[in-house]
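Data block below; observations after.
The values are calculated or read from the model by the stated rules, or taken from the named source; none is laboratory data. These numbers come from a predicted model, not from an experiment. All Cβ positions, glycine included, derive from the backbone under ideal geometry; neighbour counts span all protein chains shown.
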Amino acid sequence: MSADHKRIDLDDINAQAAQWIERRDFGTWNSNEQARLDRWLTESAAHRVTFLRLNSSWKRTERLIALRAPSKPAAIEPKPKRNIVGIAVLAFVFVVVVAGGVALRLSIPQYKTYATVLGGHRIIALNDGSRIELNTDTRIRVSDGQQRQVWLDQGEAYFQIKHNAAHPFTVLASGNRIVDLGTSFLIRKESSRLEVALIEGRARFEPSNSVSQHPTVLASGDVVVATPDSVSLMRKSQRNLAGDLGWRRGVLVFDYTTLADAAAEFNRYNRQKIIVADADVARHTVVGTFPATNVELFGHVVQVILGLRVEQHKDEIIISR
């Protein structure tokens, strides 16, 4: 269900609740009407919560009006009470709904969304001097104002952060927090795996609540791998870290990488997918630097160097014996 549809339903419930209050307090009310109201209240929790909220607010408004009323009201021409008060109820409900909507909007963090398509690459320069590079099929949200907060929703991004101790830069991904301590770092988010590699400087990794781990301060070369159940720390050489950042130059760097892993990397960047036919073929290793979006070249090299069979199709490349 869309957000607009939910909002319309909420408006309808508010209007219905206001009508019940109007009929109960200013109309002809009997046991049948009460039974109908009871049935409406039992239809959903939203009905009950909305009715109780509006009823409580309306009663407080009635008390305020009574306290402010003159002790000897001037004689005026009687007017239909129901319509006047009914309009007042509906106007009051409108104010409550609008005020609630404004409060809700103010409580939601304001941010800008940036994304790349399959095979895309984008550089974002922030107002504080920091830079974020987005790899293929990546989406982030960047907070407005002084909050200096980013959500990595999917994909991979390289962060070069302008340090400010008074306003730390924080990245949130898969429930984990990465807090800048004067840093360049790489974050890659997959469906059930998050990898954070410290390229330069320091950062603090704060695991999600589901993992019983204390925060870890990372230094250059440290790599954290977090899953829903565990957090592990390892080291990478500067050479290997530079290879991980090859996508910034539009290339993939393989250093005795299995054919299965190399195919998976190419598939992140291309619609034409590489399929490795069997487990024996998948265990072959490859070494070299390849353009990330040129799967045909990779297939040709595999065929010539490894002596494997490569079948080129429109949407896939099949590698077999």
Kindly indicate the residue of segment 18-39 that is of a type in the set (F, W, Y) and surrounded by 16 or more Cβ atoms within 10 Å (Cβ to Cβ) and also farthest from the chain's Cα centre (by Cα) among those meeting that condition. F26
May I ask you to list pairs of residues, at least six apart or on different chains, whose Cβ atoms are under 7 Å apart, with the first in segment 14-38 being outside any helix (DSSP H, G or I) and the second being crowded, with 16+ Cβ neighbours inside 10 Å and of a type in the set (D, E, K, R)? W29/R23
Flag for D180 being closer than 26 Å to G129 by Cβ, at pLDDT 95 or above and crowded, with 16+ Cβ neighbours inside 10 Å: no
Give the residues of segment 180-212 that are without any contact (Cβ under 8 Å) to a residue 24 or more places away in the chain and not in a strand (DSSP E or B), sorted by residue number. E190, S191, V211, S212
Can you confirm whether A277 is in contact with a strand residue (DSSP E or B) (Cβ under 7 Å, 6 or more places away or on another chain), more than 24 Å from I161 (Cα to Cα) and touching a residue at least 60 places away in the same chain (Cβ under 8 Å)? no
Return the residues of segment 132-164 that are in contact with a helix residue (DSSP H, G or I) (Cβ under 9 Å, 6 or more places away or on another chain) and assigned to a strand (DSSP E or B); say none if nothing qualifies. E133, E156, Y158
Before we move on, is V179 closer than 23 Å to V224 by Cα, hydrophobic (A, V, I, L, M, F, W, C) and in contact with a Pro (Cβ under 6 Å, 6 or more places away or on another chain)? yes
